[in-house]
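Written below as structure tokens is the structure these notes are about.
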Amino acid sequence: METRTRGVLISYAEHGDGIPLVALHGAGVDHRDIEAALEAVVPMTGYRRIYPDLPGMGRSTAEGLTSNSDVVALLVDFIDQISDGPVLLAGHSYGAYLARGVAAARPERVRGLALLCPFGDGAQNLPEHRAVQQDADAYEDLEPEHRDGFDGYFVVRTRATARRYRDHVAPGTALVDDTALERIFARWNIEDGTEPFHAPTLIVAGRQDATAGYLHATDLMERYPQATLAVIDGVGHALMHESPHLLGALLDDWLNRASHRGD
């Protein structure tokens, strides 16, 4: 599906009916990364799941966007277009950073916020990127040119996670407008608000995440007074794919809290 907002073409996938759940992927991929992860664990009924390609990634364009603040404003307008009421908002990595900006700009439009491996303004004290699990047949279904990308993202390297990378991550890496992202990322900082965000929130980090770390996630707790925080050992930045059962349980709790808010 496609729509135009502020002159920018936004491509997105949509599944189901019910409470809108908008999920934002990370940098350098497209919607298929977070779509594959959430579709495996989010209930198929009761939720309208919406997965946009972020500007300059996937099939979305980035005309006129010169900062992450522009992207946040675009996402606010996109949410206004696709839903008359408040939405559940989830984001992974860079997508979590943008989700925080959307929640700060329009808190009344966000009934619940899920931040997965949230990336901050400057991650510090990062662990070394190394395999936590390395199965002998991990690369059996991967083309040689995909192995470095898989190893750079995953710390749980099994045949199953490699297939997930091959099918849902690698295709999006070929659809990145590097020039557009360089322009947008040059003005990185967004306004994430000074007031606490009081809607039900979930913050999940991987203990072995060498991209975003886990300390930034713990620092967010005071800003989100209704947050559940989980730091999962044995997984990294690809937490969504490396620990789906635990993530599913955490998301299930968050969805219940946010969906019944005000009941």
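Inter-label distance, PHE185 to ASP253: 3.3 nm, where each label sits 7 Å from its Cα along the C-beta direction.
Region 21-48 and region 75-143 have Cα centres separated by 10 Å. In this simple spin-label model, placing a label point 7 Å from the Cα along the Cα-to-Cβ direction at both ASN125 and THR45 gives a separation of 4.6 nm.
If you add up the charges near ARG109, with Lys and Arg at +1 and Asp and Glu at -1, over every other residue whose beta carbon is less than 12 angstrom from its beta carbon, what do you get?
Details: positive: ARG106, ARG111; negative: ASP77, ASP80, ASP84, GLU108.
Taking every Cβ under 12 Å from that of ARG109, the sum is -2.
Over region 37-92, with every protein chain in place, what whole percent of the accessible area is carbon and sulfur at 1.4 Å, could you tell me?
Numbers: 870 of 1680 Å².
Of all accessible area on region 37-92, carbon and sulfur atoms account for 52 percent.
When the charge dipole of region 140-205 is built from unit charges on Cβ atoms (+1 for Lys and Arg, -1 for Asp and Glu) and taken about the Cα centre, the candidate among GLY149, THR194, ALA162 whose Cα reaches farthest toward its positive end is ALA162.
Subtracting the Cα-Cα distance of ASP219 and THR66 from their residue separation scaled by 0.36 nm leaves 52.3 nm.
Surface analysis of the chain yields an accessible area of 42 Å² per residue, using protein heavy atoms and a 1.4 Å probe. The fraction of accessible area contributed by carbon and sulfur in region 167-250 is 49 percent, rounded to a whole number (1.4 Å probe; ligands and nucleic acids excluded).
Residues with beta-carbon under 15 Å from that of ALA131, excluding ALA131: net charge, scoring Lys, Arg +1 and Asp, Glu -1? Mind showing how you got there, number by number?
Working: positive: ARG130, ARG147, ARG157, ARG159, ARG207; negative: GLU128, ASP135, ASP137, ASP148, ASP151, ASP209, ASP233, GLU242.
With Lys, Arg at +1 and Asp, Glu at -1, the net is -3.
The residue among LEU38, ILE82, PRO55 whose Cα reaches farthest toward the positive pole of the charge dipole of region 38-92, with charges on the beta-carbon of Lys, Arg, Asp and Glu, is LEU38. Taken about its Cα centre, the chain carries a charge dipole of about 400 debye when Lys and Arg each add +1 at the Cβ and Asp and Glu each add -1 at the Cβ.
Summary of packing: across the peptides 109-116, 232-239, 4-11, the per-residue average of other C-beta atoms within 10 Å ranks them, highest first, as 109-116, 232-239, 4-11.
The values are calculated or read from the model by the stated rules, or taken from the named source; none is laboratory data. As the structure is a prediction and not an experimental result, all values here were calculated from the model. With ideal geometry, Cβ positions are generated from the backbone for all residues, glycine too; neighbour counts draw on all protein chains shown. Accessible surface is based on the protein model in full, side chains and every heavy atom, while ligands, DNA and RNA are left aside. Shrake-Rupley method; radii C 1.70, N 1.55, O 1.52, S 1.80 Å.
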